[in-house]
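The values are calculated or read from the model by the stated rules, or taken from the named source; none is laboratory data. Since we're looking at a predicted model, the values are computed, not measured. Quick reminder, even Gly has a Cβ in these numbers, built from the backbone with ideal geometry, and neighbours come from all protein chains shown. Areas reflect the complete protein model, heavy atoms only, side chains present, ligands, DNA and RNA absent. Shrake-Rupley method; radii C 1.70, N 1.55, O 1.52, S 1.80 Å.
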Amino acid sequence: MAVAFYTEAVRWPSFLKKRRLGDWMRDVAAGYGKQIGAVACLFCTEEKILEVNRRFLQHDYYTDVITFDYSDGDRIAGDIYISPDTVRSNAEQFGTAFSEELLRVMIHGILHLCGLKDTTAEEQSEMTLAENGALALFFREEKAGER
């Protein structure tokens, strides 16, 4: 199976290369002993992610990413909703590049599908370490591909 990428009422960020992202996500999942099944990354508006948050999670606030997990055993599957506008706002707030923050939330969704949680402070710390490791892998592989 593969990772599929969709947009709804937003533009696809041109710097993102779908094949490269799918390979990276597969590599990260493999590091957790998982295989990619049917994973959909859905880029949508802030209003859409708020609607999803209200309807399915009963949360009345904007967020950058929501993950729905349909995994079965070692094969991960799910829907990852991402609001690029919220990601951009967060990047400005955190003083990071939009591209890096977008990659972070994308892999955040994959890490949830691999079984990582972020409810407690300890889990959040583990998630951040995992995100940082995955980002380092992405940029290391990207640099190697330039040679």
*asked:* What is the percent carbon and sulfur in the accessible area of the chain, measuring with a 1.4 Å probe over the protein chains and ignoring ligands?
replied: 48 percent
*For segment 41-120, convex hull of alpha carbons as volume per residue, Å³*: 100 Å³
*Mean residue ellipticity (222 nm) of the chain, computed from DSSP H runs ≥ 4 via -39,500 (n - 2.57), nearest 500*: -17500 deg cm²/dmol
*Taking +1 at the Cβ of each Lys and Arg and -1 at the Cβ of each Asp and Glu, which of Gly78, Thr63, Ala91 sits farthest along the dipole of segment 48-92 towards its positive end, judged by Cα position relative to the Cα centre?*
Thr63
*asked:* Around Glu92, under 13 Å between beta carbons, what's the net of Lys plus Arg minus Asp minus Glu among the other residues?
replied: -3
*asked:* Suppose we keep just the alpha-carbon trace of the chain; what are its Rg and Dmax in angstrom?
replied: 14.6, 48
_Spatially proximal lysines relative to Lys34 (Cα-Cα < 28 Å; intrachain offsets below 8 disregarded)_ = Lys17, Lys18, Lys117, Lys143
*Please give the net charge around His112, taking every other residue with its beta carbon less than 10 angstrom from that of His112, where Lys and Arg add +1 and Asp and Glu add -1.*
-1
*How large is the accessible surface per residue of the chain, computed with a 1.4 Å probe and reported in Å² as a whole number?*
56 Å²
*Can you pull the three principal axis extents for the Cα set of segment 75-147, in Å, largest first?*
39, 31, 24
*Mind checking the dipole of segment 24-147: about its Cα centre, +1 per Lys or Arg Cβ, -1 per Asp or Glu Cβ, Debye to the nearest 20?*
320 debye
